[in-house]
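The structure under discussion appears below in the form of structure tokens.
Values in this text are rule-based calculations from the coordinates and carry no lab data. What you are looking at is a predicted structure, and each value in this text was computed from that prediction instead of being measured. Using ideal geometry, Cβ is built from the backbone for each residue, glycine included, and neighbour counts are taken over all protein chains shown.
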Amino acid sequence: MTTGTPFIISAPSGAGKTSLVKQLVKELDDIQVSVSHTTRQQRPGEIDGRDYFFVSKLEFESMILDQAFLEHAQVFENYYGTAKQTVERHLDDGKDVILEIDWQGAQQVRSIFPQSESIFILPPSITILEQRLRNRGQDSEEIIAKRMRAAVAEMQHFAEYDYLVVNDVFEQALSDLKSIVIARRLKADRQRKQLAGLITALLF
């Protein structure tokens, strides 16, 4: 059976990563978003188990002690983490897995899954990034300023990634993401397993 590929996707807050990933999963088969665990408060419209697994700080710290995470980090006083067992199960089933994580998490996942592909999504400008954060209408001025500082710090790690995608026109950025996933699926190491029967019939 063909093993899936982990796709790490990182972006500063407000770059549009979540919307792009949701549409990508709608348009491609055999790709699954890894649902992260978090200690932050559930927002209106979010569903436990679909958007995040919402857990207490005590539960999260217990999972850290049990080494249940591929990666975890603390962001704005809240914990976020990717459960190891869930990701490995999807990969073993032949599904590609998207991990929406920051640069710190990306470093941790690369050390465990060296075959992973990493993508960094950039905004078209710092002005548009701030505008997108304000348009959410969710955060105070203090939080927006904190998110902007964090965004600049996050973007400084862009060179650690395999691919860069600029989310200016949504449809173009989505097309770029799909191209990356499809190109990885067509690489010889994966196709050799997928097309084993055909290759045998053609060559032997």
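Points worth noting:
- Restricting attention to the chain, lysine pairs at least eight places apart or on different chains and with alpha-carbon atoms under 21 angstrom apart total 14.
- Antiparallel %, DSSP beta bridges [both residues in region 6-203], to 5: 30
- Extension gain (nm, one decimal) between residue 19 and residue 59, 0.36 nm per residue minus Cα-Cα: 11.5 nm
- Neighbour net charge for residue 59 - beta-carbon separation under 15 angstrom, K R +1, D E -1: -1
- Figure legend: label point modelled 7 angstrom from the Cα of residue 135 along Cα→Cβ; residues of region 1-36 with amide N under 14 Å from it are 14-20.
- Rounded Å value of the spacing that divides the Cα centres of region 125-184 and region 39-63: 23
- With the convex hull drawn over the C-alpha atoms of the chain, the volume per residue is 131 Å³.
- With R₀ fixed at 41 Å, the C-beta to C-beta distance from residue 203 to residue 92 puts the FRET efficiency at about 0.90.
- Calculated SAXS-style log₁₀ I(q)/I(0) at q = 0.21 Å⁻¹ - region 1-121, Debye, Cα scatterers: -1.36
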